[in-house]
Amino acid sequence: MPRGGAALLTAGTLTVAALVALPILAVASNLFVDSDGLWDQLASQVLSTYLINTIALLLGVGILAGAMGTGAAWLVTMCEFPGRRIMEWALLLPFAMPAYVLAYVYTDLLEFAGPIQTALREFFDWTRHDYWFPAIRSTPGAIAMLSLVLYPYVYLLGRAAFLSQSVGALEVARTLGHGPWSSFFRIALPMARPGIAAGLALALMETLADFGTVEFFGVQTFTTGIYRTWFLRGSPEVAAQLASILMLFVIVVLTLERSSRGKARYASSTGRYLPLPRYNLKGLKATIAVLACGLPVLIGFLLPGAILLALTLDRGDQMFGTAFIGYATNSIMVAGLAAMLACAAAVILGYGARMASGPVPRYAARFASMGYAIPGSVIAVGILIPLAWFDNGLDQIMRETFGISTGLLLTGSIAALLFAYVVRFLAVAYNAVDAGLTKVTPSMDGASRTLGHGLGSTLARIHAPLLRGSLLSGALLVFVDVMKELPATLLVRPFNFETLATRVYRLAADERLAEASTAALAIVLVGVVPVILLSRAIARSRPGTARS
């Protein structure tokens, strides 16, 4: 490659990495800023609560989502039971349900005035003091809601790991008399540990990033603390300091995920990727397998989806019409723009890491793809601080020089919101592009250079057509993630700019859950599309096998 092209690619990857680093550096720069005693007040009153609740959520979601995802992945991969083929893709459906929407639905269903408790009191002639019912608005309730929508991370990567295992090792276990669960614990689970650990890490990072669920349930965590400190106490410095602690949790999760792999390699030593020998479950064992796979789908998607549909048809959003179309248009507009920008940045990163010389572009690409590990609230704070500094500085200069005020040009703008989305979800687009580029053999690059094609021509003529499917998949996933994103939208959005996610949040905060059902159902329906794509991809993920 010509030196000019290599330099251009390196500059592009470094620029994207620097933009991703900006929010992190902005948060870190406020770590030791004086807060006029507010930090000491928070430290003495609520910081321990934030720590305890955050750790409890991580432990609870890690155990529950890990058990559901790993168990379901093993059952549909290695066992034969009624409905297995349906469960293969149905277990991904809770991906489409945001945790905060699930929280709103089950609060309406299970609270004291909800239909279940009301029916119990009427049927048994009970009063409030005659029975005990678990409180849905609690830390265990938040753990349950988050686990139901996050276990698909573990299921998806765990099943991919099980599918990649060699028949030989499993046949040896069967020959030695090991049954399904003995083979699972002794052979399959250790070999699938990296995939399961990666899925758990994603689930835990989403737990750290959650705002809507914990805020609605009254569980005080760092995300709720960041929001309240910024908006209610008016202290961006302390919000940044809380964000820094939240970033430490992210680093711990990533470190644990890496250390769980160690230096071991779990690749199979044989190339026998024949159809996996499934254990044929019958009777009680088959019933347990159906329940273990079916209940997460029922509770995490089918039941709440049916309730949302019923509420929408019965009452729905009173603003349905022009105003609702405006909310949907705003959501589609920012999600579409963010998807295009994220894919463009992903192409720069992926192409730079592939074509530019030296390790710098590759390290820059890896760093830039870490944004998905950063909670939306942290990114929002990290973006608002430098933008506010720039706007205030420019306004002061213009006042002193020309006697006019420029106001807030970037803070609370669509551009700032798009920036937050791209930083948050760039990794999703980059992973899709990187996967697509791995299918392009280096010989194609060499042939293109031999024919005299430059950097741009090679990208346009060779890589772009081959990346079309990967780009579409990445753009779709970013689009859906942006549609569901709540904390970054709440913190960075322009004044009076409503999306479907903020509409759901605002109505639910006012206890108008029936009205919130319309926007919530729209978000869920959009989220079903990537689930279909994921189910098709995972069905083809085992080399050398047809769909079974």
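Taking the conditions exactly as written (surrounded by fewer than 21 Cβ atoms within 10 Å (Cβ to Cβ), closer than 26 Å to residue 199 by Cα and among the small types (Gly, Ala, Ser)), does residue 83 satisfy them or not?
Yes, satisfied.
Can you tell me which residue in the range 97-144 is farthest from residue 310 (Cα to Cα), limited to those that are among the β-branched types (Val, Ile, Thr) and out of contact with any Leu (no Cβ under 9 Å at 6 or more places or on another chain)?
127
In the range 81-120, which residue that is more than 23 Å from residue 516 (Cβ to Cβ) and aromatic (Phe, Trp, Tyr) is modelled with the highest pLDDT?
81
Among 363, 351, which is more than 30 Å from residue 229 (Cβ to Cβ) and free of Cβ contacts under 8 Å to residues at least 40 places away in the same chain?
363
Among the candidates 531, 492, 526, 482, single out the residue that is within 18 Å of the chain's Cα centre (by Cα) and within 29 Å of residue 229 (Cβ to Cβ).
Answer to the check: 482.
What residue, among those in the range 218-235 that are assigned to a helix (DSSP H, G or I) and surrounded by fewer than 20 Cβ atoms within 10 Å (Cβ to Cβ), is modelled with the lowest pLDDT?
Step by step, filter the range 218-235, then rank; the result is 231.
Can you confirm whether the range 129-136 contains a residue that is touching a residue at least 12 places away in the same chain (Cβ under 8 Å) and of a type in the set (D, E, K, R)?
No: the range 129-136 contains no residue that is touching a residue at least 12 places away in the same chain (Cβ under 8 Å) and of a type in the set (D, E, K, R).
Working carefully through the options 327, 351, find the one that is among the aromatic types (Phe, Trp, Tyr) and at pLDDT 85 or above.
327
Please note which helices (runs of 4 or more DSSP H) are completely contained in the range 415-527 and include at least 1 residues that are modelled with pLDDT of 85 or more.
Result: 464-484, 487-492, 500-509.
Kindly indicate whether any position in the range 142-156 is in a helix (DSSP H, G or I), hydroxyl-bearing (Ser, Thr, Tyr) and touching a Phe, Trp or Tyr at 6+ places or on another chain (Cβ under 8 Å).
Scanning the range 142-156 turns up no residue that is in a helix (DSSP H, G or I), hydroxyl-bearing (Ser, Thr, Tyr) and touching a Phe, Trp or Tyr at 6+ places or on another chain (Cβ under 8 Å).
For the subset of the range 259-294 comprising residues that are surrounded by fewer than 13 Cβ atoms within 10 Å (Cβ to Cβ) and modelled with pLDDT of 70 or more, which member is nearest to residue 58 (Cα to Cα)?
259
The values are calculated or read from the model by the stated rules, or taken from the named source; none is laboratory data. If you're wondering where the values come from, they're calculated on a predicted model, not measured in any experiment. Every residue, glycine among them, receives a Cβ derived from its backbone with ideal geometry; neighbour counts consider all protein chains shown.
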